[in-house]
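Take a look at the structure set out below.
We did not get these values from a lab; they are worked out from the coordinates using the rules stated. Just so we're clear, the structure is a prediction, and the values are computed from it rather than from any experiment. Backbone-built Cβ (ideal geometry, glycine too); neighbour counts: all protein chains shown.
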Amino acid sequence: MSDIRLEGVSKRYGAVAAADEVDLAVAQGEFVTILGPSGSGKTTLLSLIAGLNRPTAGRIFIGGRDVTDAPAQQRNIGLVFQSYALFPHMTVLENVLFPLGVRGIGGAAARTQALDALKLVRLDGLQDRRPSQLSGGQQQRVALARSIVFKPDILLLDEPLGALDRKLREELQVELKQLQRSLGVTTLLVTHDQEEALSLSDRIMVLDKGRTQQVAAPAEAYLRPANRFVAEFLGIANFVGLADGRTGLVRPERVRVGPTGINGGRPARVVETIYLGQMVRYHLALQGGEDSPVVAALPFVGKAFAAGDEVAVSWDTADIWPVP
Amino acid sequence: MTSTPWSRRLLAAAGIFGLVFLTVPLLIVIPMSFSPARALTFPPPGFSLRWYQALFGDPRWMEAMSTSTIVAVLSSVAALVLGSLAAYGLRRGSFAGRDWAEGNFMSPLIVPTIIVAIALYLSLAKVGLLGSFVGLVAAHTVLNVPLVMMVMGVAVRDFDLRIEQVAWSLGASWSYTVIKVMLPNLAPSVFAAWIFAFIGSFDEVIVTSFIAGKYETVPKKMFNELILEVNPTITAVATLLIAVTVLALAAVTLVLGRAGKLGQTLVER
């Protein structure tokens, strides 16, 4: 049974469609990411599901119930924004108690429930602080605790880690994933960061100009993209001409780079060498070919080619994905 | 920041001249109110509180003060509620004719007061409220709604919409969100808006003269007294009005300054 279902959901502003006939089914407990560039309509889609906005066409179901015309208050949704959106005049505990108070849960029971939620996001001990006294990462944890304390049917996250620096973001990604799995709550996350989408989600929905481009598991979308847009948005894409006239995709990790004349391969020159810590990335120009420049990413094992070096470049035919 | 020293000096001179021009009357009126002389003389020949005794001993002045206070309290609260709701709707809503509606709400501040006075005179006469207490309060409310909207419009715009949206998603109704989430955060602006509306009503003379009928507010009575005779009592009244205004604006400065909103509220618009 699907927990969130969109059927032909559209949101038009005049002639512009922020969401164009979007279909999606998210299973109970699944973590799905809506990925797209800015202006792709991903936030619009989330606000439609949250009930902050009404679609101009289509139906939205949550837990089998048609909520298309229900206000946000009646959807039992946990919502987290990039800007945290904490209540500034309340303490951490009061923020987390808020949804319980609205539901008529008070006293010791509510307090226990709120403190448990704070423990889940590892904020126990900070319940009497004000949001302004917390770091960005801590504030986002409060927002997360507030969004799960009342056991919502679904969790909606709008670029929740976008305001944090890289290291903290990666830490919180791991925690978010663990928390989501342990709670088993159906989760929809919106982001423009393809790494975040690939690492967090069970499935990815790629959106462009309000239209669904592909819905697939991360590896599937990365290696077998449904079209050129998905291929380029999910990472570096090498396009090669195929014999039948189609275009093939080779990801940089599948490109081999070696010294010339050892075991075949096409001759190429290194244009640029970029160290990425555990990886090294080469930008290569194939010799005498009409193909576009090729990017290769290899594990860095202490020695690398330098710009200007002549190398041999090859890839397996099995690693070529003909882009539809 | 390309101003030359010369133009900067001119600007400073103009600023100082403006300040002196505005404060000299106050510096003359206040000492005069403590004068023992029967006629208006400056500088005052001595010190006495006789004009304050005359003021507080005069039941007609006392009645004007109570009328002014009641009208100011009622109309400022009404303007606060209506102006805040209008500011919320105009900032948060997107509907056809929004700019038109905002222009309409703000017009009492832009249109010359005499025009507003005549418009209110005619429309209150039409609905039979001319010269009535209700009509007076309603007129002052209309006049002060723009002041409230200015202050509250900035406050609502600067309040993150997503905080409201989260509250809704957590199950809170719109009114619950406004009372429990917005108002506690906007309290300094609400206080400032209320003070502006209160002073706006307390100082009002033009519209009141047209539509108040038998009701006499303090400024209206001052105006009428000046026409009949020059009585030094009026300097005592003026001093009290100045004191009330200065104290109220000081309170606003303090509250908004503490909330870090002063510059914003006064500069924007």
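This table checks each residue for (1) in a loop (DSSP other than H, G, I, E, B); (2) away from every other protein chain (no Cβ under 14 Å).
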position: A:Pro55; (1), (2): yes, yes
position: A:Ile60; (1), (2): no, yes
position: A:Ser83; (1), (2): yes, no
position: A:Leu93; (1), (2): no, yes
position: A:Leu100; (1), (2): no, no
position: A:Ile105; (1), (2): yes, no
position: A:Ala110; (1), (2): no, no
position: A:Ala114; (1), (2): no, no
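Counting only helices (runs of 4 or more DSSP H) that fall entirely inside region B:165-256 and contain at least 2 residues that are out of contact with any strand residue (DSSP E or B) (no Cβ under 6 Å at 6 or more places or on another chain) and away from every other protein chain (no Cβ under 14 Å), the qualifying elements are B:183-202, B:206-211, B:218-228. Screening region A:40-53 for residues that are away from chain B (no Cβ under 13 Å) and among the small types (Gly, Ala, Ser) and picking the one that is nearest to A:Ile4 (Cα to Cα) gives A:Gly41.
Here is a yes/no grid of residues against (1) aliphatic (A, V, I, L, M); (2) surrounded by fewer than 21 Cβ atoms within 10 Å (Cβ to Cβ); (3) more than 13 Å from the chain's Cα centre (by Cα):
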| position | (1), (2), (3) |
| --- | --- |
| A:Leu161 | yes, no, no |
| A:Gln173 | no, yes, no |
| A:Gln180 | no, no, yes |
| A:Leu198 | yes, yes, no |
| A:Arg211 | no, yes, yes |
| A:Leu223 | yes, yes, yes |
| A:Glu232 | no, yes, yes |
| A:Asn238 | no, no, yes |
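Taking A:Arg75, is it within 13 Å of chain B (Cβ to nearest Cβ) and of a type in the set (D, E, K, R)? Judged against the criteria, A:Arg75 is a match.
Collect the residues in region A:255-281 that are touching a residue at least 40 places away in the same chain (Cβ under 8 Å), in a strand (DSSP E or B) and loosely packed, with under 13 Cβ neighbours inside 10 Å, keeping them in residue-number order. The one that is touching a residue at least 40 places away in the same chain (Cβ under 8 Å), in a strand (DSSP E or B) and loosely packed, with under 13 Cβ neighbours inside 10 Å: A:Pro259. Could you please give the count of residues in region A:132-147 that are within 13 Å of chain B (Cβ to nearest Cβ), within 30 Å of A:Gly39 (Cβ to Cβ) and surrounded by fewer than 24 Cβ atoms within 10 Å (Cβ to Cβ)? Total satisfying the criteria: 1. Cβ separations smaller than 7 Å between residues 6+ apart or across chains give the following pairs from region A:225-251 residues that are closer than 11 Å to A:Val295 by Cβ to residues that are β-branched (Val, Ile, Thr) and part of a loop (DSSP other than H, G, I, E, B): A:Asn238/A:Val255; A:Val250/A:Ile320.
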